[in-house]
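Student: Questions regarding the structure given below will be posed in turn.
The values are calculated or read from the model by the stated rules, or taken from the named source; none is laboratory data. The structure presented is a predicted model; accordingly, all values stated were derived computationally and were not measured. Here the Cβ positions follow ideal geometry from the backbone for every residue, glycine too, while neighbour counts run over all protein chains shown. To get the accessible areas, we keep the full protein, side chains included, count just its heavy atoms, and leave off ligands, DNA and RNA. Shrake-Rupley method; radii C 1.70, N 1.55, O 1.52, S 1.80 Å.
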Amino acid sequence: MNSSRPYLVRALYEWIVDNDCTPHLLVNAEYPGVQVPSGFASDGQIVLNASPSAVRHLHMDNQAVSFEGRFGGVAHSLYIPAAAILAIYARENGQGMVFDMEPPMAGGPEEPGPDDDGPSGSEPPRPSGRPSLKVVK
């Protein structure tokens, strides 16, 4: 199943902008593939103002968020893999969502991970018990 993170980021971005607020992205600047200006990250993280008035050529898909932004008056192209987004929130009131840290992918779908013996030819086991959902406020 695909990660829900890129879908939630796009939905929350739209919701924040529709409510005349400023969307900010908290990004793991050390995640593989992240392209942000050096010298602007602190403790391996960077907060990016992604409002329509602050960025150009914004593109959000299931793999990444990319746009052009200005840092110190200099234009930079940014590329943020979806898994590197740690949070999206409105600057004005802090409403949004925080995501768990995601480890970099060890390999593609064809390459088994450390706890995977490869395809077994049978369906995966069905979860047991009651489903649990997290409440988002």
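Student: Could you state the accessible area per residue of the stretch 12-93 in Å², with a 1.4 Å probe and every protein chain left in place? Write down the numbers at each step before the final one.
Tutor: Details: 4290 Å² over 82 residues.
Result: 52 Å² per residue.
Student: May I pose another question? Would you mind checking which residues have amide H under 5 Å from residue 87's amide H? H placed 1.01 Å from N; only 5 or more apart, or other chain.
Tutor: Here 26, 99 satisfy the definition.
Student: While we're looking at this one, here's another question. Amide H of residue 64 versus every other amide H placed in the peptide plane: which residues, excluding those fewer than 5 positions away on the same chain, fall under 5 Å?
Tutor: Amide H neighbours of residue 64, under 5 Å, 5+ apart: 82.
Student: Net charge near residue 21: determine it from the other residues with C-beta under 14 Å of the C-beta of residue 21, scoring Lys and Arg +1 and Asp and Glu -1. List each step's numbers first, then the result.
Tutor: Details: positive: 91; negative: 14, 18, 20, 92.
Result for the local shell: -3.
Student: Along Cα→Cβ, 7 Å out, is where each label goes; now give me the distance between the ones at residue 38 and residue 3 in nm to one decimal.
Tutor: 2.5
Student: Right, here's the next one. With Cβ to Cβ distances under 13 Å as the rule, what net charge do the other residues near residue 30 carry (K, R +1; D, E -1)? Display every interim value, and only then the final one.
Tutor: Working: positive: none; negative: 43, 102.
Combined, the nearby Lys, Arg, Asp and Glu give -2.
Student: Just add up the charged neighbours of residue 3: K/R +1, D/E -1, any other residue whose Cβ is under 13 Å from the Cβ of residue 3. Working shown, then result.
Tutor: On the way: positive: 5, 10; negative: 61, 100, 102.
Cβ neighbours under 13 Å give a net charge of -1.
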